[in-house]
Amino acid sequence: MSLPQFYDPGALIGVLTTQPLGRVLDYRAPEGGCHLGAFVEVPLGPRKVVGVVWGPGQGDYDRSKIRAVLRVLDVAPMRAEMRSFLERAADYTLTPLPAMLRLATRAPGLGDPPSMRKIYRRGSSEPDKMTAARRKVLDALHDYGDLSFTLKELAEMAGVGTSVVKGLVAQGAVAEETSPRDLPFPRLDPARDGKALTADQAAGACDLADAVRSERYGTTLLRGVTGSGKTEVYLEAVAAALSAGRQALVLLPEIALTAEFLTRVQARFGAKPAEWHSGATMTERRRIWRMVGQGDAQLVIGARSALFLPYQNLGLIVVDEEHDTSYKQEEGVLYNARDMAVLRASICGAQVVLASATPSLESWVNATAGKYRRLELTSRYGPAVMPEMRAIDMRAENLPSNRWISGVLQREVQARLERGEQSLLFINRRGYAPITLCRACGHQIGCDHCDARMVEHRFLKRLVCHQCGETKPMPQVCPSCNVEGKLAAVGPGVERLGEEATELFPDARIATLSSDMYGSARALKAEIEGIAEGTADVIIGTQLVAKGHNFPKLTLVGVIDADLGLQGSDLRAAERTFQLMRQVAGRAGRAEKPGTALMQTYQPEHPVIRAILAGDEDKFWAAEAGEREAAGVPPYGRMAGIILSGPDVARVFDAGNLLARQDGPLRAIGAQVFGPAPAPIARVRGRHRVRLLVKAEKTAPLQAALAKWVAQVPLRGDLRLAVDIDPQSFY
Ligand SMILES: [Zn+2]
Ligand SMILES: [Zn+2]
């Protein structure tokens, strides 16, 4: 590997900082010089800030005023491919480069010297007096050969108090040493035996491993129904990357629930990988950032922001559940991690594996067009097959207005209870009821800061705004008419469904699974593990249960409201409903028992519902693709959403109208602008929101035109403008 370009002391260099300045600043290289890409500390006004040496300086202003870099930080310089990735991602998402750099430096204390901690190992002497407790400590150290431990680890391992260890230190029987706190991650062993693979899994694994060994860019759509062994297959691609001395990244949605996944990785490679997610402590983040940068973390399992870690030699990115909407970051820098993974891999010659049972339409189209390779896994483990799927026509059920479980579904659950099998009742709505209505005056309780209803969470005994997170206690009197005792819950949420199930099946063990009902991810995980082992007969769950958990005793899935996702104007509504319903149905019948999935619907003849029931995915995608192509929308055309927001509704609309009028830069590339219109949620956190939508041909140079166009609006005061390229949601 050749060293990056070097700047001699005093040379004029450009430094990119994370400060929102809109440009690279000129400095002089410090004493001792610095490399291109070096992380440096520079003076900025009265402050010191961290930046990266981005190239030669511009020299476009008074050279005598240019200040020198204060110091070069003790971390590996940013590699050329990473700088290129940040620049191209910034161009694509129309994000200022400093904001991209912030994503790439999300580790605290980058500039600090490595911090130290005390570790303990076997010393050279024997204790003067041997006690049972001391014996335990020395035995523990003996059992682990020459390894060293922290004080707490050693005391716990030996089952003694820390004072026993300290006593041994005083006598030289245990040695106390200092070592850097940020330790390399344990080496993973790709040569260990993996799980036995079926013939088509083995063929797929072999194919992916060959692609990784080519050390060239390529993307593969790995498609397989739930339980077809996608994870085992792509772990072999990870093994190929590690064997070749390259790093691998596995992106997962819902990172808090990955314990099951980590166990599988550990079983395959003999040690734990690095785990990067929003719940990681500052210390963990710093360790991972540094170790990834110096090649001492071979495999990272992470949420979308793990894409911005400073990999030294990245050979493979797996995007698991690639269709998942959580890959799109909807705040701050608006990017889709799936698309950015492909960009990043194409720059560094890595392979991408997009894994899903129900791929996004974008990926399906790319695979069909031959842009991505396609790998299909057909067989499920063992004799189980995809469940039998049927609709329950709710128009014929005549349920009372406060009941949601139909007679048909009730009898099916009852039959499972009698056979000792599990049932899952699925509703994609958190809380107790979506609407709280005053029966005296008709008022619906809304959020004070958003145009959204407050959702009753009976478990928390509060009303919660799902837009901004604001909560308030459940009122006793109507806030509008002050009448007492007339507030009523309208519609079902997961908690209310749990209540109904308890009434219908009084002898069953019922577990309600919703993320906000557990104090911690760990408590939720423990509950899920218990359920998988059979501690519940009926599971009531939200989207949470659709994702990757194994419930071997589950043979029935009942979808309470299959129509829910079909409402609204979102162009992806059909796609999402199809994916979610297929995923939920895939929970049923994973072991030896065949499963059944029943969908309660008021529109059984709806094309999406019929496609779900028919199980003909390719037919569904082809029809959906045809409709999008005819409408010229993604993935056949380009789209960008513009959200203007501010506290003063008139000023926000003025800015929107100004943009709509001055559409010259867009017309120049044949793009159209729609709006301004109030956003579907017209007020969030007290800010009024106005949307414009831009549509262009697939090949139009959209970003450059957008940049020119939005630059015409002066963003004074509290007015904000966000550009969302390839919008996923339209709220
Ligand atoms: Zn009222
Ligand atoms: Zn709110």
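The values are calculated or read from the model by the stated rules, or taken from the named source; none is laboratory data. No experiment lies behind these values; they were computed from the predicted model shown. Every residue, glycine as well, gets a Cβ built from its backbone with ideal geometry; the counts of neighbours run over all protein chains shown. Accessible surface areas use protein heavy atoms only, side chains included; no ligands, DNA or RNA. Shrake-Rupley method; radii C 1.70, N 1.55, O 1.52, S 1.80 Å.
Probing with 1.4 Å while keeping every protein chain in the model, the per residue accessible area of the range 225-320 equals 27 Å².
When nucleic acids and ligands are ignored and a 1.4 Å probe is applied, residue 468 ends up with an accessible area of around 30 Å². Here the accessible area of the chain is 51 percent carbon and sulfur, with a 1.4 angstrom probe and all protein chains present. Accessible area of residue 67 (1.4 Å probe, protein heavy atoms only, ligands and nucleic acids ignored): about 110 Å². For the chain, taking a cut-off of 4.7 Å between Cβ atoms, the unpaired cysteines are 34, 206, 348, 468. Net charge in the neighbourhood of residue 347 (other residues with Cβ under 11 Å of its Cβ; Lys, Arg +1, Asp, Glu -1) is +2.
Residue 169 contributes about 40 Å² of solvent-accessible surface, heavy atoms of the protein only, 1.4 Å probe. Looking at the range 387-534, the accessible area is 50 square angstrom per residue; that uses a 1.4 Å probe and ignores ligands, DNA and RNA. Pairs of Lys residues in the range 114-265 that lie 8 or more places apart, or on two chains, and have C-alpha atoms under 26 angstrom apart add up to 10. Under the simplified labelling scheme, the residue 410-residue 369 pair shows an inter-label distance of 5.2 nm, with each label point 7 Å from Cα along Cα→Cβ. Solvent exposure of the range 42-175 amounts to 54 Å² per residue of accessible area, where only protein heavy atoms count and the probe is 1.4 Å.
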